[in-house]
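A.B. asks: Please find one structure pasted underneath; my questions will follow.
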2 protein chains.
Amino acid sequence: MTPRRPFRREGEEARRAALINATLDCIADGGPQAATVRAIALRAGVTQGLIRHYFATKEELVAAAHEHLMTGLTKASAAALDALPPDPLVRLAGFVGNAVSPPVADPRSMALWAASMQLVVRDPAMRQGHERSYLAFRDQLEALIADALRAADKPADPATTRRLAIAGNALLDGLWIEASALPDMFATDEIRATAIHAFESLLGLKLQE
Amino acid sequence: MTPRRPFRREGEEARRAALINATLDCIADGGPQAATVRAIALRAGVTQGLIRHYFATKEELVAAAHEHLMTGLTKASAAALDALPPDPLVRLAGFVGNAVSPPVADPRSMALWAASMQLVVRDPAMRQGHERSYLAFRDQLEALIADALRAADKPADPATTRRLAIAGNALLDGLWIEASALPDMFATDEIRATAIHAFESLLGLKLQE
DNA sequence: ATAGTATTTATGCGAACGTATAATAACTTT
DNA sequence: AAAGTTATTATACGTTCGCATAAATACTAT
């Protein structure tokens, strides 16, 4: 004779968003195996039956959460670019510095990224998505590198900028991982300085922050 | 009245090794959630009860597998160094090239690494282990960098070599991830050339492969 | 106000999980 | 050769998982 739990109808959009965010929170906290339908529902403030109403299977929900995460990261990166001044050398330095500093570098993002990488290795569809977002980021970096080289009157032919973008992207990935996984090992300033200094060496020019 | 399955006593050492390898295979194939006691036992050619006989809990087995993986990677890296000639410039180029090429770079290692990174973010004990192996690799790289700089009559003070080791390690990590996660995107030679060329820029000297 | 809709809760089911325990057979020792 | 030890198999137990379905209630339209 326990009273039935009261509720409000929040609408499809809000509920889907809440479920997706709850899924990401669960994965970030305890890994993919902690993202059970019951735990997700609890976090989203609903009961588990509701998940079935908006997503046919749990797998579908996880895929939607992954997509949401990826597009969110790309958007955040683009928005950060908008806030930078027009000088190419300053823009590149700012972009590089941001990529290895909080809030871009943080343990939660790292945990989510590691979780998604596991799927990427195994699932061709996930791999395609990863490839797309990887290329989007790298193309952004390549454009910034080309602008910086031209601003310094240096050659910026496609073969050069491509190679620099691949190496620069790898450098940022690696520093981001180290800064996120071992946050106590480096000061934020040290990682930023290391990243910018390395880019100066790679491009053979002086950047301004 | 089905006959009981025949067996042989293999001894503690062999059985522990078989169980650990089976665990890693399961994780590499299907992620941590695929490493169930039943799947591990099947792969190791035993029945599930035996796991309990050698490991008090599944968690203990997974931790042992993780440790085995890490020490194995460190050993492989050191062994590869032994095979290189004494010239510092050649050694560094060889070390850098190997780090981003098969068999070091391959999807299985990548999957295992991604799985372990999840634990690293969450578990302090795992993080300590990760930190140790990270530093071991970086120190190795720093020594090679210092030797290469000295061989080229360049300054190799500790502050410089440390910063170069951090950046160089990050670069190798990033390229290794890209080469492993997206093996069809780059030719092996391209990744090797990119890595060596980037190190030349970072150190300001010409390497020989 | 009332009826209708479909969002949401509540409950249940079968499978698979980690772990515990008992039975058995392959070795070892005497 | 017989007895003893323990590595190994076999079976069972309780929990939790994803998913299915039925019941109820908040909202919408008339």
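The values are calculated or read from the model by the stated rules, or taken from the named source; none is laboratory data. Given the structure is predicted, the values throughout are model-derived calculations rather than measurements. Every residue, glycine among them, receives a Cβ derived from its backbone with ideal geometry; neighbour counts consider all protein chains shown. When the accessible area is computed, the model is the full protein with side chains, heavy atoms only, and any ligands, DNA or RNA have been set aside. Shrake-Rupley method; radii C 1.70, N 1.55, O 1.52, S 1.80 Å.
A.B. asks: Kindly establish whether B:Leu205 is at the interface with another protein chain (Cβ under 7 Å from one of its Cβ atoms) and either touching a Leu at 6+ places or on another chain (Cβ under 9 Å) or over 30 Å from A:Asp29 (Cβ atoms) (or both). Don't jump to the end; show me each part of the working.
C.D. replies: Values: at the interface with another protein chain (Cβ under 7 Å from one of its Cβ atoms): no; either touching a Leu at 6+ places or on another chain (Cβ under 9 Å) or over 30 Å from A:Asp29 (Cβ atoms) (or both): yes.
Here the answer is no, as B:Leu205 does not meet what is asked.
A.B. asks: Oh, and also: Considering B:Leu73, B:Leu42, which residue is open to solvent by 60 Å² or more (accessible area, probe 1.4 Å) and touching a residue at least 60 places away in the same chain (Cβ under 8 Å)?
C.D. replies: Residue meeting the stated conditions: B:Leu73.
A.B. asks: State yes or no: is B:Ala35 of a type in the set (A, V, I, L, M, F, W, C) and within 16 Å of DNA strand D (Cβ to nearest atom)? Spell out how you get there, then give the answer.
C.D. replies: Working: of a type in the set (A, V, I, L, M, F, W, C): yes; within 16 Å of DNA strand D (Cβ to nearest atom): yes.
Considered against the rule, which asks whether it is of a type in the set (A, V, I, L, M, F, W, C) and within 16 Å of DNA strand D (Cβ to nearest atom), B:Ala35 comes out as yes.
A.B. asks: From A:Ala148, A:Ala179, A:Ala143, A:Ala156, grab the single residue that is surrounded by fewer than 21 Cβ atoms within 10 Å (Cβ to Cβ), more than 8 Å from every other protein chain (Cβ to nearest Cβ) and in a helix (DSSP H, G or I). Steps first, please.
C.D. replies: Working: A:Ala148 fails: surrounded by fewer than 21 Cβ atoms within 10 Å (Cβ to Cβ); A:Ala179 fails: surrounded by fewer than 21 Cβ atoms within 10 Å (Cβ to Cβ); A:Ala156 fails: in a helix (DSSP H, G or I).
Being surrounded by fewer than 21 Cβ atoms within 10 Å (Cβ to Cβ), more than 8 Å from every other protein chain (Cβ to nearest Cβ) and in a helix (DSSP H, G or I) holds for just one of A:Ala148, A:Ala179, A:Ala143, A:Ala156, which is A:Ala143.
A.B. asks: Regarding the range A:166-173, can at least one residue be identified that is part of a helix (DSSP H, G or I), open to solvent by 20 Å² or more (accessible area, probe 1.4 Å) and more than 14 Å from every other protein chain (Cβ to nearest Cβ)?
C.D. replies: no
A.B. asks: Can you name the helices (runs of 4 or more DSSP H) wholly within the range A:39-135 that have at least 1 residues being out of contact with any Lys or Arg (no Cβ under 6 Å at 6 or more places or on another chain) and away from DNA strand D (no atom under 16 Å from the Cβ)? First the steps, then the outcome.
C.D. replies: On the way: elements: A:49-54, A:58-82, A:88-99, A:107-122.
Where helices (runs of 4 or more DSSP H) fall fully within the range A:39-135 and carry at least 1 residues being out of contact with any Lys or Arg (no Cβ under 6 Å at 6 or more places or on another chain) and away from DNA strand D (no atom under 16 Å from the Cβ), they are A:58-82, A:88-99, A:107-122.
A.B. asks: Let me ask you something else. Would you confirm whether any residue within the range B:108-116 is surrounded by 18 or more Cβ atoms within 10 Å (Cβ to Cβ) and away from chain A (no Cβ under 14 Å)?
C.D. replies: Within the range B:108-116, not a single residue is surrounded by 18 or more Cβ atoms within 10 Å (Cβ to Cβ) and away from chain A (no Cβ under 14 Å).
A.B. asks: Right, here's the next one. Of the conditions (1) open to solvent by 50 Å² or more (accessible area, probe 1.4 Å); (2) within 14 Å of another protein chain (Cβ to nearest Cβ); (3) within 10 Å of DNA strand C (Cβ to nearest atom), B:Asp29 clears all except one; give me its number.
C.D. replies: (3)
A.B. asks: Output the residues belonging to the range B:115-129 that are under 13 Å from the mean Cα position of the chain (by Cα) and touching a residue at least 24 places away in the same chain (Cβ under 8 Å).
C.D. replies: Listed by number, the residues that qualify are B:Ala115, B:Ser116, B:Gly129.
A.B. asks: Can you find a residue in the range A:57-67 that is of a type in the set (D, E, K, R) and away from chain B (no Cβ under 14 Å)? Give the derivation first.
C.D. replies: Initially, the range A:57-67 is screened for residues of a type in the set (D, E, K, R), giving A:58-60, A:67.
Filter once more, keeping what is away from chain B (no Cβ under 14 Å): A:60, A:67.
The answer is yes; a qualifying residue exists.
A.B. asks: Kindly indicate which of B:Arg138, B:Arg192 is under 15 Å from the mean Cα position of the chain (by Cα), more than 21 Å from A:Ala111 (Cα to Cα) and outside any loop (DSSP other than H, G, I, E, B). Talk me through it step by step, then tell me what you get.
C.D. replies: On the way: B:Arg192 fails: under 15 Å from the mean Cα position of the chain (by Cα).
None of the others qualify; the one that does is B:Arg138.
A.B. asks: Just checking, does the range A:47-66 include any residue being under 22 Å from A:His197 (Cβ atoms), away from DNA strand C (no atom under 16 Å from the Cβ) and open to solvent by less than 30 Å² (accessible area, probe 1.4 Å)?
C.D. replies: no
A.B. asks: Separate question: If you take the residues in the range B:6-26 that are under 20 Å from the mean Cα position of the chain (by Cα) and within 11 Å of DNA strand D (Cβ to nearest atom), which one is least open to solvent (accessible area, probe 1.4 Å)?
C.D. replies: Across the range B:6-26, the extreme among qualifying residues is B:Leu19.
A.B. asks: Is it the case that A:Ala17 is modelled with pLDDT of 95 or more, within 12 Å of DNA strand C (Cβ to nearest atom) and more than 20 Å from A:Gln118 (Cα to Cα)?
C.D. replies: Considered against the rule, which asks whether it is modelled with pLDDT of 95 or more, within 12 Å of DNA strand C (Cβ to nearest atom) and more than 20 Å from A:Gln118 (Cα to Cα), A:Ala17 comes out as yes.
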